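Data block below; observations after.
The values are calculated or read from the model by the stated rules, or taken from the named source; none is laboratory data. Everything numeric in this text was worked out from a predicted model, so none of it was measured. Cβ placement follows ideal geometry from the backbone for every residue including glycine, while neighbour counts extend to all protein chains displayed.
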Amino acid sequence: MARLGPRPKTRLAIRALGAICHQKFGRLRLAAKTGLSAELLGPRPKTSVVIRALGADCWKKFGRLRLGPKTGLSAELLAAILLWLTLLAMPAAADEPGVPVSDAEVLQGDPSLANMALIFNVGAGYEPATAILDALADAHQHATFFVMGWWADKHPDLLRQIADGGHEIASHGHSIFDLTQASDAQVREDLLAADAAISAVTGRGTRPLWSPSAGYRNARVRAIAADLGYRPIIWTVDSGDWTTEATPESVYSHIVNGASNGAIVVLHFDSPMSRDATAQVLPAAIQSLRDAGYQLMTITELLTTS
C-alpha cells in the first residue's frame with residue numbers, strides 16, 4: 001500500500017482509503033446494517049456510490065483529524081476503520097443470489113418459468129442505435145449489454161448513459177474477434193483488458209457475465225474465462241439483426257416467434273441494421289412478448305429467479 005506521507009490532508013487520506021476499499025471489495029453491496037444512512041446509500045448502490053458513502057461517513061467522523069506523527073493515528077489505522085465499516089455489509093452481500101462461475105455455457109434460463117432476457121451485444125463498430133435506449137426507457141425495461149472493451153474506450157459517455165439507465169453491463173471481450181484462434185495468454189489479456197476498460201467508465205467490474213465475440217468459443221476458451229471468474233453466456237434466439245439483409249419485419253419475427261420460457265434473445269446495439277431494424281421494432285416486440293405473458297429481465301435476474 002502506498003504511504004500517504006507525513007502530513008496528508010484528510011480528504012486525500014479518505015480518497016486513498018476509498019481506493020484501497022475498492023480494490024478489496026469492488027463488488028460489495030451495502031445494506032442498512034452498515035450504519036450508513038439509507039439516503040446516502042440508496043437501495044442498490046453502485047461501487048462508486050459505496051466508496052463515496054464510506055468516504056463521507058469517514059469524513060463525518062474524522063473530518064477535523066490531521067494525520068501525522070503527533071496524532072497517534074496512522075494511515076493503516078484509518079484503513080482498518082474503513083475496512084471495519086465495509087465488513088459490516090458482508091452478510092447482506094452474501095444473501096444476494098449471483099450467477100455461478102463455471103465453464104459451462106448458458107443457453108437459456110429456467111424453462112419452467114415464463115421469463116426471457118433481451119441482450120444487446122456492443123462492439124460491431126457501426127453507428128450506435130441510441131434509439132434502443134429510448135425504447136427501453138419508454139417501456140421501463142432493463143436489459144443486459146455485452147460490451148467490448150475497445151468500444152468502452154471510444155464511447156465512454158454513451159456507455160455511462162447505458163449504465164446510468166439501470167442496464168446490466170457485461171463483457172464481450174476487448175478487441176479479439178475470434179478467441180479460439182488466440183493463445184491462452186492472449187485470451188486472458190483480452191478479457192482482463194475488457195474488464196479494465198469497462199470498469200474504468202462504469203465503476204463496476206463485469207464479472208461473472210461474459211459473452212464471446214461473434215459466439216466464437218471452445219472448451220479451452222471457456223475454461224480460461226471461468227478461471228478469470230466468468231460464466232459464458234450464449235443465447236437461445238438469434239434476432240439476425242447483425243446481417244446487412246436484416247429488415248424490421250425479419251428482426252421482429254425472429255424475436256417474437258422464437259419466444260419461449262427462459263429464452264435469451266441476442267440483438268445488437270451497433271450492427272449495420274441496428275438503427276433501421278432493431279430500434280424500429282423493439283417497442284412492438286417488447287409489447288408482444290409481454291402480451292404473450294413473458295416477463296423480460298436481465299441475465300442475472302433470468303438465471304437467479306426461481
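The single condition among (1) in contact (Cβ under 8 Å) with a residue 40 or more places away in the chain; (2) within 15 Å of V237 (Cα to Cα); (3) in contact with a helix residue (DSSP H, G or I) (Cβ under 9 Å, 6 or more places away or on another chain) that S260 does not meet is (3). Could you please let me know if G229 is over 22 Å from the mean Cα position of the chain (by Cα), assigned by TED's automatic domain parsing to the domain that holds A292 and at positive phi? When the stated conditions are applied, G229 does not pass them. For the stretch 235-279, taking the residues that are small (G, A, S) and either outside the structural domain of G215 (by TED's automatic domain parsing) or in a helix (DSSP H, G or I) (or both), the one that is surrounded by the most Cβ atoms within 10 Å (Cβ to Cβ) is identified as S274.
Consider the stretch 169-181. How many of its residues are part of a loop (DSSP other than H, G, I, E, B) and more than 19 Å from G229 (Cβ to Cβ)? Summing the residues that are part of a loop (DSSP other than H, G, I, E, B) and more than 19 Å from G229 (Cβ to Cβ) in the stretch 169-181 gives 3. Listed conditions (1) in contact (Cβ under 8 Å) with a residue 60 or more places away in the chain; (2) closer than 19 Å to V265 by Cβ; (3) assigned to a helix (DSSP H, G or I) are all met by W151, apart from (2).
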